[in-house]
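The next block holds one structure in the form of structure tokens; read it before the comments.
Read-outs: derived from the displayed coordinates by stated rules, not from any lab. Keep in mind that this is a model prediction, so the values were computed, not measured. Cβ: placed from backbone, ideal geometry, glycine included. Neighbour counts: every protein chain shown.
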Amino acid sequence: MRIRSISSLRENDCIAKPIYNEHGQILLNKGYTLTSSMIHRLKEKGVTYVYIEDNTTKDIYVDDVITDRTRIESLEVIKDNFLTISKEMTLGKSIDMDKLSPSFSRIVTNILTEITSHKEAVSMLSNVFCYDSYVFHHSLNVTVYSLALGKKYGLNAKQLEELGLGAILHDIGKIAIPLEVLNKTDSLSDEEFRLIQEHSTIGFDILRKSHTIPLLTAHCAYQHHERMDGSGYPRGISGKDIHLYAKLIGVADVFDAVTANRVYRKARLPHEALEILFAGVNTLFEKDMVEAFAKTIAIYPVGLEVKLSDGRTAVVAKQNPELPSRPTVLVINNDEGEAVEPYELSLLEHLNVTIVSCETTLSQEVAS
Ligand SMILES: [Fe+2]
């Protein structure tokens, strides 16, 4: 299977992985042959990438970091709980986080189990879910990225649980921010920007009143927008004053924000998001955290079409966990652009060949 951007899909392309609607039900199943009206519908629903099956790449298999079932069940819980909290806040009632926290903890445990048994670099480019609200998906994605990063960073089981809970709830304060401000496509006024920034303090206030949620978890909500040089918010604290968990979540948060498709801009690919993180090393993020993250995620996800430095075209076939920037690829075109009998090439063994760009249509899609 291979990844295609929504704009390069063609009629009769065959879906390789199920696509779900916003209620977690299968919209298009594996094996479905696309029609032009369905491609149009997927575009309208905000789907960015789709996995398709073709003859050339039939031996390429994508191993997801969390199963579709875990993703769907976790999203349901996050959505239900967030909406309950939002309702209680609107009614001016006190929020009973103690009642909700066990279900959040269960999600963290499930994700941690799946991450532990998943040996490959983490990729969630396969966001083949239509969704109605960004914050639920973002909370789940940031939890997966934070836990994978925390594990690579050497945190113990108890720390990972605390970190996971902090990650799942880091943006809980956003439920108090009007959607028209969160999803605004034009640039924000100073007042709207200030309003959005309040989500970290609002989140902290919700979480710290709970007896079952560790205070450290509440601090993840409070501090995840603080930056190493003090340029973050809400307090502008810096360096060692920012808690380890909040720093890890900050890295995962930025990566997911950049790679997600938003109403006001298109998603970028993992290697581009990573460049943004590396550009912020020491000023915004801790160097060893960004380096650990680069070793955790799939920089070039399996199924992605890439251009090699010698002019050949290939599709990423396998991750090399020891060096995610140099996967094994399946060469499909020679340097003249002519189709060849596909053959594998390990970029780990051929160090003189590098990936110089990704599928043109995909790059255009993500860069526009
Ligand atoms: Fe946030």
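A few remarks follow.
- Choice from Phe255, Phe278, Phe293 with maximal GNM fluctuation in the chain (Cα, 10 Å cutoff): Phe278
- Neighbour counting of Cβ atoms within 10 Å sorts the residues Tyr134, Tyr49, fewest neighbours leading, into Tyr134, Tyr49.
- With the simple spin-label model, which puts each label point 7 Å out from Cα in the Cβ direction, the Lys119 to Val281 separation comes to 2.9 nm.
- Per residue, the average separation of C-alpha pairs within less than 8 Å and at least 6 apart gives the chain a relative contact order of 16 percent.
- Above-threshold pairs, the threshold being 28 Å between Cα atoms, out of Lys17/Lys158; Lys45/Lys87; Lys99/Lys152; Lys209/Lys266; Lys119/Lys158; Lys30/Lys79: Lys17/Lys158; Lys99/Lys152; Lys209/Lys266
- Compactness of segment 1-90, expressed as Rg and Dmax over alpha-carbon positions, Å: 15.9, 54
- With 0.36 nm allotted per residue and the present C-alpha distance subtracted, the His350-Lys99 stretch has 84.9 nm of extension available.
- In nm, spacing of pseudo-spin labels at Asp205 and Glu88 (7 Å Cα→C-beta vector): 1.6
- Taking a Cβ cut-off of under 11 Å around Thr354, the surrounding Lys, Arg, Asp and Glu residues balance to a net charge of +1, with basic ones at +1 and acidic ones at -1.
- For the chain, the antiparallel share of DSSP beta bridges with both residues in that region comes to about 90%.
- Taking label points 7 Å from Cα along the Cα-to-Cβ direction, Ser231 and Lys184 give a separation of 2.2 nm.
- Across segment 68-296 the C-alpha pair distances fall into 5 Å bins from zero in the proportions 1, 7, 15, 20, 22, 18, 12, 5, 1, 0 percent.
- Placing a label point 7 Å from the Cα of Ser238 along the Cα-to-Cβ line, the residues of segment 274-303 whose backbone N sits under 20 Å from it are 278-290.
- Net charge of neighbours whose Cβ lies under 12 Å from the Cβ of Phe293, counting Lys and Arg as +1 and Asp and Glu as -1: 0
- Cubic angstrom per residue, convex hull over Cα atoms of segment 2-53: 64
- Stretched out straight at 0.36 nm per residue, the stretch from Asn55 to Arg10 would grow longer than its current Cα-Cα span by 14.7 nm.
- A simple rule links phi to the HN-Hα coupling: the Karplus curve 6.51 cos²θ - 1.76 cosθ + 1.60 with θ = phi - 60°, which for segment 26-41 gives 5, 8, 10, 8, 3, x, 5, 8, 6, 10, 5, 5, 6, 4, 4, 5 Hz, with x for Gly and Pro.
- Listed by chain and number, the lysines placed with their C-alpha closer than 19 angstrom to that of Lys307 are Lys318; residues fewer than eight positions away on the same chain are left out.
- For segment 233-291: Kirkwood Rh in Å [reciprocal of mean 1/r, alpha carbons]: 12.2
- Each part reduced to its alpha carbon centroid, segment 25-88 and segment 203-223 end up 31 Å apart.
- Sorted from longest to shortest, the spans of the Cα atoms of segment 305-367 along the three principal axes equal 30, 28, 18 Å.
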